[in-house]
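Undergrad: The structure follows.
Derivation of every value follows stated rules applied to the coordinates shown; laboratory data play no part. Treat the numbers as computed from the prediction; the structure is a model and nothing was measured. Neighbour counts run over all protein chains shown; Cβ positions are idealised from the backbone, glycine included.
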Protein chains: 4
Amino acid sequence: MTEKIPVGILGATGMVGQKYISLLENHPWFSVNYVAASPESAGKKYSDAVSGRWHMQKDIPNGVEKLVVGNANDFNSAIDKCAFVFSALELKDKKQLMTLEEEYARAGFPVVSNASAHRWTEDVPMIIPEINPEHTDIIRDQQKNHGFNKGFIVVKPNCSIQSYLTPVYALINQGYDVSRLFITTMQAASGAGHPGVSSLDLIDNVIPYIGGEEEKTEKEPLKILGQIENGRFVNYNKLEISAHCNRVPVYDGHTACVSLELRSKIGITPPYTSQIIEKPYIDLDYFIKIWNNFRSVPQELELPSAPKRPIIYKTENDRPQPRKDRDLENGMAVCVGRLRRDPVFDIKFVGLSHNTVRGAAGGGILNAELLKAKGYI
Amino acid sequence: MTEKIPVGILGATGMVGQKYISLLENHPWFSVNYVAASPESAGKKYSDAVSGRWHMQKDIPNGVEKLVVGNANDFNSAIDKCAFVFSALELKDKKQLMTLEEEYARAGFPVVSNASAHRWTEDVPMIIPEINPEHTDIIRDQQKNHGFNKGFIVVKPNCSIQSYLTPVYALINQGYDVSRLFITTMQAASGAGHPGVSSLDLIDNVIPYIGGEEEKTEKEPLKILGQIENGRFVNYNKLEISAHCNRVPVYDGHTACVSLELRSKIGITPPYTSQIIEKPYIDLDYFIKIWNNFRSVPQELELPSAPKRPIIYKTENDRPQPRKDRDLENGMAVCVGRLRRDPVFDIKFVGLSHNTVRGAAGGGILNAELLKAKGYI
Amino acid sequence: MTEKIPVGILGATGMVGQKYISLLENHPWFSVNYVAASPESAGKKYSDAVSGRWHMQKDIPNGVEKLVVGNANDFNSAIDKCAFVFSALELKDKKQLMTLEEEYARAGFPVVSNASAHRWTEDVPMIIPEINPEHTDIIRDQQKNHGFNKGFIVVKPNCSIQSYLTPVYALINQGYDVSRLFITTMQAASGAGHPGVSSLDLIDNVIPYIGGEEEKTEKEPLKILGQIENGRFVNYNKLEISAHCNRVPVYDGHTACVSLELRSKIGITPPYTSQIIEKPYIDLDYFIKIWNNFRSVPQELELPSAPKRPIIYKTENDRPQPRKDRDLENGMAVCVGRLRRDPVFDIKFVGLSHNTVRGAAGGGILNAELLKAKGYI
Amino acid sequence: MTEKIPVGILGATGMVGQKYISLLENHPWFSVNYVAASPESAGKKYSDAVSGRWHMQKDIPNGVEKLVVGNANDFNSAIDKCAFVFSALELKDKKQLMTLEEEYARAGFPVVSNASAHRWTEDVPMIIPEINPEHTDIIRDQQKNHGFNKGFIVVKPNCSIQSYLTPVYALINQGYDVSRLFITTMQAASGAGHPGVSSLDLIDNVIPYIGGEEEKTEKEPLKILGQIENGRFVNYNKLEISAHCNRVPVYDGHTACVSLELRSKIGITPPYTSQIIEKPYIDLDYFIKIWNNFRSVPQELELPSAPKRPIIYKTENDRPQPRKDRDLENGMAVCVGRLRRDPVFDIKFVGLSHNTVRGAAGGGILNAELLKAKGYI
C-alpha cells in the first residue's frame, strides 16, 4: 500500500468532522484530501472555516489546514478529489440528508456515514465491525436496488450503542441466549456536539432526557444483530431492550448500567465443559474471561484502528469511569466492570466507551478499514 | 403547644447534624437545646467545634451557636437537656453505634435516627411517614422486648429510597400489584458527607459505585412495605428490586431512573371504573393523577414539615432535574417525571428527591413530628 | 400604598426578564401587569412563550402565567398597561436598542434598564443605589434634553461591578483616596444567559475571556463615581482600573480578586482618632468595620429590596465563595473576605455578588424602588 | 548510554510519586528501580500498595508493578538500588522532611525534590531549567557545607510558578526591566493531591484561598531569578509580586492572569533596532515573538523531556484554556495568550501550565536530566 487512498469528509467543520480529521492524521491507509461543509463555509480555507471553533486538542493537521472547503450539497465538487467519503453531515431535514448521501453513492462514492438518516434503510448495513462485519454482504444488493455503480452507503449506529452491545454480543456469540436488557446510560456532553448543551443545564445537574436516544438504544441493536434475508435486513427478534438515557456533566465517554436476562438458564453448556448442566448457569468469572478474550474480524484482519482488545474488563469495584477509561486503546475499546448477579434478571454490569471516538469518527474509520480490507473500497 | 419541646442532636458537628440544626431553626414544635459529638469536640462551644466546617448556607442559628457540645458517647450528658434526640451519629463501628443508640433509649430518650445501624433490628421501625406511619405501632413491643421505659428507637431509610419508593407506593396503595423494579440512581456528592468524595473523582466523571448502596436500595423497601407480625417486622415479599447506584457531579438531589412491572396486568380494576377489564391495563394519565393527588397521614395530621404535595409530577419531557427540582416543597417533595411505557416491563419514570432534606434530616424531623402527633414523644 | 404600581417587563422571555418576573412575585409596591418580547413571542400566553425554557427555580407566578405577550418593539402595546417598564431587552443592534428605549421614554414610560446601550449616554444615570443615588438628579435634564414628558431612562451597570465597587466606594466614602485597582473576576455562567456558554467549554475548564467585559469593568465605575456638571456626567478621574475577566464553571455569583492602592498614604486621619498621622496608615480591622457598618440611602429609605447590610465581611480565610455566599440578603448583599496587606499596592481582598440578582434584575428593582421613593415614578 | 540509570522514587504511592512513575515509563535515560513510601506501605508489592488509589490514566508500568515498596524513612533501603532519588515525600513535619532528604544526600544520593522543605535552604538550588540552569553551580558549595560526598539536594519551585515566570523571564532575558507583577491564579484540583479538595467544595463553586500559595507565588521567583554570592543565594531584588490564588473546578492545569509593569519605560532599546527610543516602548507583537522564539539550555542540550517550544503563544482571544492547552508539548510547555496593554501597568496576559507535569513530576525529571547532562548524576 504505497500510496494512501484520498478521502473526503462531508460535514468537515462540525465536531464529528473535526474528529475525523484529527484521527485521520497519519493514518496508514487514508489521507484527507477533500473537505466539504455547508454553502456558507464553501470556498473558505479550512482553517478559516473553523476559526474560533476548532475543538480538537491537537492542532489542525498541516495537510488539511489549507484545503479549500467544498460545498457538501454538491457531490460534483468531490469528484476526482477522493475515493470515498465519510459523512458527518448534520442536516436537520432527514429526507434531504438521505437524498444527499444517495447522490454521493450514485456518483460512485462509497459513503461511510455517521448520520442517522439511513440507519433504517432496509438495504443499508449498520455496522460495528466486531459484531456484524458480514453485513457488508448486502452492499451488492444495495447497489443493484438503487442502480449504484461503485458507490454505496454504510452507516454506523448511535454513539452509545457500543458501550453495552459489544459485551452483550460477546456473550451471545458464546451461546448465551440473552433475552432482555435494562440499560440506563449516563452520556457525555460531547454527544450533543458544540455548542450542544448549555453549561447552565449541566452545572450541578443531570438531565434525564436526550431526544430520540432511548428509541435508538432500544431498536438499533436489533438490526445490528439481525440477518440478511432476500436482500434486506431482518431484525433479531430474540432480544427486548428498555433504555433510560441521561445527560451528565462529563466531557467525553458514555457510561451504561446494564441488567441482563438469559432466556434458557437451564441446560446451557458452558463452553469449557462438555457436560450439559441442569441448573441455572451463571459463572461471572467465565463471563469476564469471555470479554477479555473477545477478538473478532477487525483484530484478525489487523485493521489499523482496531483495538487489540475490543473489550477490557476492569476488576476494581468502581470502574469503568469515563475520565479514567474512555481513552483505553486510543478510545476504541469498550471498558466493562462491576459484573455481579442481578437479583431480578441474571447479571448486571457497567459498560463504557468513548462516544466521539469509538462511538463516532473512530467507529466510522474502522468501518472504512473493514470495507477496504474486504475490497469494497 | 405554648412551649417548644427541647431536642438534642447526636453527631451535631457532621453534615447531617448541621442540616438538622439548620432545618430546626424556627421549628414550631421543637427547639435544639442540646448538641453532642465525639469526645474531641466535647466541651467546646458549638460554633468553635464546627469552625471552618459549617457547610450550611444559612449561618449557625443564634440559639445553637453558644451551646456547649456534649460527649455523644455518654448519654448522661443529655439528661435534663432534651426530651428526645435525633441521632446523626457516624461511628464506623456499627455494633458500637447500635449499643449507643440503645443506651439513649434505655435512659428514656426517644431516638429518631438517621444511622443505618438499627435499620434491620427486627422491632425497630424504619419509617417514611407517607408510606408506613402505622409501623410506629411496634414501639410498644420494642420497649417491652428491650426493657425500655419511655425511650425507643425509630429509624429512617437510606437517603435515596424516597426518590422512587414514594411514587411506587402510591401505585401499590391504589391496588396496582407491582412485582419488579429496575432502579438506576444518579446520586449527589452530599450523600457522602464532607469531605466525602474527592473533587478529582467528580470533575468530568461519574463513579458507577457507592459502597453498600445497591444492597440498601434493593432491601430496605421490603421492610418499609412490610407488616408487623408477632411483634416483629415481616418483609413485603411481592416485590423484587435490582439497583445500579452511581455518584454524579451534583451537589444535592438523588435522581432515580425506574422501570416497573405489574404482576397482574389482567383483571385490574382501575379505581375510577367498576368494570373488571380483561386486558393489560396501563393508563399513564391515571398514574399521574394518582401521584399528584397522593396525600397521606403527614398531610392529614398537618405535620409542620409535611409537604403539601408529597409527589409532584412535572410534565416537561426533561424533568425532574436535581438543580431545578430538589427544593420543591422546601426539599420535602418527591418530583416525578417522564412517565412512559416500558418496552420490557410496563412503565418507566424518573424520580428525584433532596437527599439531605427529605432523605436525611428533613425525613428525620418528619418522623419526630409523626411520633409527637401520635403521642410517642 | 394600597394599590400596587403596574409594571411592564420588556424582554420578558429571556433569563433576565424571567428573573424580574420571579423576583417581583409578591413585591409590596410593584405588580407585573405587562410582558413584552420579540415579535415571534408576541400574542402567545406567557407560559407558552417560555415553555421549555423557563429557567427559574420557582414556578411562573400565577398572575404572569396567563398574560399575553406584547410586541416589545411597539411601545404602543404597553400603554395603559403599566406605569413604567423594566428593560431586559437583548437586541444585538445597540443603536436599535437605544432608539427603542427612547421611544418608551418618549411615550411617557420611565425605563429602568439592564441593557448596556444607554450606559454611556451623557445624561442617562448609571445607578447603584448605595453609591450614587443622587445621580437621579440628572433625570430632569435628560427629560428636557430629549423632550421627554414623564418618561426617562435609568440604567444599571454591568453585572460584575457591584462585587468590588461597593466595598471600594465604602472606603472612598470614608476619605480613603483610592488611586488604582487590579481586578480579576471569575464570573458565573449565568452571566452569559441561556444557552450562553456551551457545557463543553466549562467542563474541566476556565475561559480567560469574556467579550467586552474588561472594558466595562475598567470604565463603568468612573461614571458611577462621577459627578453631574452642566447637565451631563463627568467621570471620576482619580481612579485607574485594570481588569482580567474569566468565565468559570459556577452557576451564579461573580467573584472578584481586588488589589487596591491608596494615593495619599501619608496624613490620613483615621476617622476614629483626631490625630493626624505621618506614616502610611492601613488598618485592616478598621476597613472591615467600615464595610460591616456601611449603610446608604436604600437602607435609610428602607426600600423593600434593599439589603439590611449591603456589605458583609466573612472572617473565614476561604470566603467568600459563590455557592455559599451569593444568596446573602436574598442575593442583594456584596460579600467580602480575605482582606490582607498587598505587597505591591496597599490591600487586597475578594468580593462577591449575585450576578443575576444584585447584578441584574434585583439591582434594577432596587433602582426602581429608589426612583419611586424619590417621586420619579 | 547503553544502560539506563536506576532511579528511586520516595513517596511513590502519592499522586506526585505516581506521576513520576507514569512519566518515567520508557524514559531513555532513567529506569525506576526502587520505590519507597511510608512504613505502612513498606514490604508490599507496589501494585498492592496503590490498589484502589492509582490515579494515573495509564496502567502501572510493568517494571514497577512488582517492585517491593521500601521504607522511605530509612535511606539504607535505597542503597545499591538506585543512583539517585526523586523525592515526592509528603511528610507534614517540614523539619523531619528536611532531615530525611539530607540523610539521603549524605548517604550519597542526589535528591531531586518536589517537596517544599528545602526551597529556602540557602545552598539548595530551586531550578526551572529554562530559567536558572546555572544555579546547579552551588551544588559543590552545598556538598562542602554539609559534608556530602556524592549526594546533594536540588529542588523545584511550587507547581504554579512556571505558568507566569517563564514568560516573564523571557522578557527579562531580552533586557526588559520588569518591576512589578499582579498575578491571579486559578488552580486545578490536582494541585491539592488526592483526596485533596472535597467535591462538595468545587461543585458550582470557586475557593479564593489556597494555604501558603500566595506567599510561595510572591517569593519563590526571587530566588529563582537570584544569584549565587559566596556560596549562597541572594534574591533578585528588582521585582515585586502580588498574588491572589484561587482553586477552581478544573482537573489539571493552573491558569494565571498577569499584569506586568516595566520599570524603565524610557530608553529601552528594542533588540531589533539599534536606536535608543525616548518614549515608553511596548511592542506587543515583539513580545509575542520573544515568547515563541524563546529557547534555553534544556532545548540546546536536547534533554529528553524538554519541550521543543517552552513557551507557546496562542493567538485566539480566549486562550489559553486548561482543558485545551495543558497538554501542549506533553504537558511541558507554558501556553500564553491574551497579551494586551494594561491600563494601570504596561501589559497583561494569561499564562497556563500543567501543574502535575511541568509543575511537578515533569519538572523534576527535567531537573534530573539537566543534572545528568551537566555531570552531577
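Undergrad: How large is the helix-only mean residue ellipticity at 222 nm for chain B, computed as the sum of -39500 (n - 2.57) over DSSP H runs with n ≥ 4, divided by its residue count, in deg cm²/dmol to the nearest 500?
TA: It lands at -7000 deg cm²/dmol.
Undergrad: Could you let me know the centre-to-centre spacing of the stretch D:305-366 and the stretch C:322-377, using Cα atoms, in angstrom?
TA: 33 Å
Undergrad: Rank these for me by crowding, B:Arg119, B:Arg326, going from fewest to most other beta carbons within 10 Å.
TA: On the way: B:Arg119 19, B:Arg326 28.
Listed from fewest to most nearby Cβ atoms, that is B:Arg119, B:Arg326.
Undergrad: To the nearest Å, what is the center-to-center distance of the stretch C:217-236 and the stretch C:122-183, using C-alpha atoms only?
TA: Their Cα centres are 7 Å away from one another.
Undergrad: Further question on the same structure: Stick to the Cα atoms of the stretch A:162-353, pair each with every other, and give me the Kirkwood hydrodynamic radius in Å at one decimal.
TA: So the Kirkwood estimate lands at 17.8 Å.
Undergrad: Next question, about the same structure. Net charge near C:Met15: determine it from the other residues with C-beta under 10 Å of the C-beta of C:Met15, scoring Lys and Arg +1 and Asp and Glu -1.
TA: +1
Undergrad: Follow-up question, since we're still on this one. Taking 7 Å along the Cα-to-C-beta vector as the label spot, tell me the D:Asn293-C:Arg106 distance in nanometres, rounded to one decimal.
TA: Taking the simple label geometry, D:Asn293 and C:Arg106 are separated by 5.8 nm.
Undergrad: For each of A:Met56, D:Met186, B:Met15, count neighbouring Cβ atoms within 10 Å of the residue's Cβ, then give the residues from fewest to most.
TA: Lowest to highest Cβ neighbour count: A:Met56, B:Met15, D:Met186.
Undergrad: Calculated FRET efficiency, A:Leu301 and A:Lys94, Cβ-Cβ r, R0 51 Å, to nearest 0.05? Present the calculation step by step, with values, prior to reporting the outcome.
TA: Numbers: r = 33 Å, r/R0 = 0.65.
Efficiency for this residue pair is about 0.95.
Undergrad: Which value results when the Cα radius of gyration for the protein assembly as shown is divided by 2.2 N^0.38 Å?
TA: So the Cα radius of gyration is 0.96 times the expected 2.2 N^0.38 Å.
Undergrad: Please tell me which of these pairs span more than 32 angstrom C-alpha to C-alpha: D:Lys58/D:Lys144; B:Lys94/B:Lys314; B:Lys92/D:Lys219; A:Lys314/D:Lys44?
TA: Result: D:Lys58/D:Lys144; B:Lys94/B:Lys314; B:Lys92/D:Lys219 exceed 32 Å.
Undergrad: Principal axis lengths of the stretch A:86-219 from Cα atoms, whole Å, largest first?
TA: If we take the Cα atoms of the stretch A:86-219, the spans are 53, 42, 18 Å.
Undergrad: Using a cut-off of under 15 Å, list every residue of the stretch B:44-83 whose amide N is near the label point 7 Å from the Cα of D:Glu215 along the Cα-to-beta-carbon line.
TA: None, by backbone N distance to the label point.
Undergrad: Going by Cα centres, the stretch D:74-117 and the stretch C:1-62 are how many Å apart?
TA: If you average the Cα positions of each part, the centres end up 66 Å apart.
Undergrad: Continuing with the same structure: Could you compute the FRET efficiency for B:Ile228 and A:Asn330, with r as their C-beta to C-beta distance and R0 at 45 Å, rounded to 0.05?
TA: Here the calculated transfer efficiency is 0.15.
Undergrad: Projected area of the stretch D:2-113, taken from the Cα convex hull and averaged over every viewing direction, in nm²?
TA: Taking a quarter of the hull surface, the average projection is 6.6 nm².
Undergrad: Mind listing the Cα extents of chain C along all three principal axes, in Å, largest one first?
TA: Largest to smallest, the principal-axis extents are 67, 51, 39 Å.
Undergrad: Stretch D:Arg341-D:Arg263 to full length: gain in nm at 0.36 nm per residue minus the Cα-Cα span?
TA: Length gained between D:Arg341 and D:Arg263: 26.5 nm.
Undergrad: Which of these, D:Gly70, D:Gly337, D:Gly196, has the largest mean-square fluctuation under a Gaussian network model of chain D (Cα springs below 10 Å)?
TA: Checking each option, the largest mean-square fluctuation is seen for D:Gly196.
Undergrad: For chain C, what relative contact order do you get, as a whole percent, if you take Cα pairs closer than 8 Å and at least 6 residues apart?
TA: Relative contact order here is 16 percent.
Undergrad: What list do you get for C:Asp177, D:Asp201 if you sort them by fewest beta carbons within 10 Å? Before the final figure, lay out each step's value.
TA: On the way: C:Asp177 14, D:Asp201 22.
Lowest to highest Cβ neighbour count: C:Asp177, D:Asp201.
Undergrad: Separation between the D:Asn235 and D:Asp137 pseudo-spin-labels, each 7 Å from Cα along Cα→Cβ, expressed in nm?
TA: Those two pseudo-labels are separated by 2.2 nm.
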